[in-house]
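In what follows, a structure is listed as structure tokens, so that the remarks can point back to it.
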Amino acid sequence: RQCPQGEAIARILASAIQAVEPGLSVRRFVQRAGNSLLVDHQVYRLDEIRQIRILGLGKAAQGMSQAWVEMLGGFSYQGLLIPKHKPTQALPKFTVFPGGHPVPDANSLTAAQQAIHFVSGLSEQDLLICLISGGGSALMAAPVQGVSLADIQALTTLLLGCGARIDEINALRRQIDQLKGGRLARLASPARMIS
């Protein structure tokens, strides 16, 4: 027999899913007016930017990146997408390097090296748009010297097995990774960044 509140529950669930759709979330916080982007009360003049790069990282990276591609219509950009799975639909001007999740793998190392190359050498006239979502810390891994991929895999497996929260896991990952804890932003400096 059917639940009398079934239709109401279905509408509520559909509304909740729609509210967190990655592309819609981006569009709520970013507006474009002519040659300008408005992000959190900050104005970015697109016609004054030498090059635009979009780094999409995480399980929602594809949806967020697609929203930015549409918003940047008419302006040139380059993109790097690091998702959990290779997308079924390609984004124009994006290179894709899926990583491993929830445990980083060799693909995560390759993705991190691509990210390092992608954000290095930018100037203050460039704009880097970082779209980071859940899973990103595993999908892109660049261990510090003396830490191997096997070390990171063992640590992650142990922490997941004992029920550690993601914030606890990421606190440790920041200590053993070249890109986490603000290091990616330092590599991109002096470029302007939107995250």
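The values are calculated or read from the model by the stated rules, or taken from the named source; none is laboratory data. Just so it is clear, the structure is predicted and the values come from calculations on it, not from any experiment. When we count neighbours, we look across all protein chains shown, and the Cβ atoms used for this are built from the backbone with ideal geometry, even at glycine. For accessibility, only protein heavy atoms count, side chains too; no ligands or nucleic acids. Shrake-Rupley method; radii C 1.70, N 1.55, O 1.52, S 1.80 Å.
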- Starting from residues that are over 17 Å from R173 (Cβ atoms), under 16 Å from the mean Cα position of the chain (by Cα) and touching a residue at least 60 places away in the same chain (Cβ under 8 Å), keep the ones in segment 82-125 and report whichever is least open to solvent (accessible area, probe 1.4 Å). V119
- Query: Within segment 5-25, is even one residue of a type in the set (D, E, K, R) and without any contact (Cβ under 8 Å) to a residue 12 or more places away in the chain?
  - Reply: yes
- Message: Being touching a Leu at 6+ places or on another chain (Cβ under 6 Å), open to solvent by 40 Å² or more (accessible area, probe 1.4 Å) and either of a type in the set (F, W, Y) or not in a strand (DSSP E or B) (or both) is the filter here; which residues of segment 12-57 pass it?
- Response: N35
- Message: It is to be established whether one or more residues within segment 166-188 are touching a strand residue (DSSP E or B) at 6+ places or on another chain (Cβ under 8 Å), basic (K, R) and closer than 28 Å to R27 by Cβ.
- Response: no
- Task: Being in contact with a Leu (Cβ under 8 Å, 6 or more places away or on another chain) and assigned to a strand (DSSP E or B) narrows it down to one of L91, L80, L109, so name that one.
- Result: L80
- Message: When you scan segment 126-135, do you find a residue that is acidic (D, E) and either surrounded by fewer than 16 Cβ atoms within 10 Å (Cβ to Cβ) or within 15 Å of H101 (Cβ to Cβ) (or both), even just one?
- Response: no
- Message: I'd like the residue in segment 58-81 that is over 20 Å from E21 (Cβ atoms) and hydrophobic (A, V, I, L, M, F, W, C) and, out of all such residues, is surrounded by the most Cβ atoms within 10 Å (Cβ to Cβ).
- Response: L80
- Residue check, G134 under 22 Å from P22 (Cβ atoms) and assigned to a loop (DSSP other than H, G, I, E, B): yes
- Does G181 satisfy the condition of being over 30 Å from I49 (Cα atoms) and either open to solvent by 60 Å² or more (accessible area, probe 1.4 Å) or at pLDDT below 95 (or both)? no
- Limited to segment 140-164, what total is found for residues that are touching a helix residue (DSSP H, G or I) at 6+ places or on another chain (Cβ under 7 Å), hydrophobic (A, V, I, L, M, F, W, C) and either farther than 13 Å from H101 by Cα or assigned to a helix (DSSP H, G or I) (or both)? 4
- Query: Counting only residues that are over 13 Å from L172 (Cα atoms) and open to solvent by less than 20 Å² (accessible area, probe 1.4 Å), which one in segment 136-157 is modelled with the lowest pLDDT?
  - Reply: G136
- Task: Spot the failing condition for M193; the list is (1) closer than 29 Å to E48 by Cα; (2) not in a strand (DSSP E or B), and only one is missed.
- Result: (2)
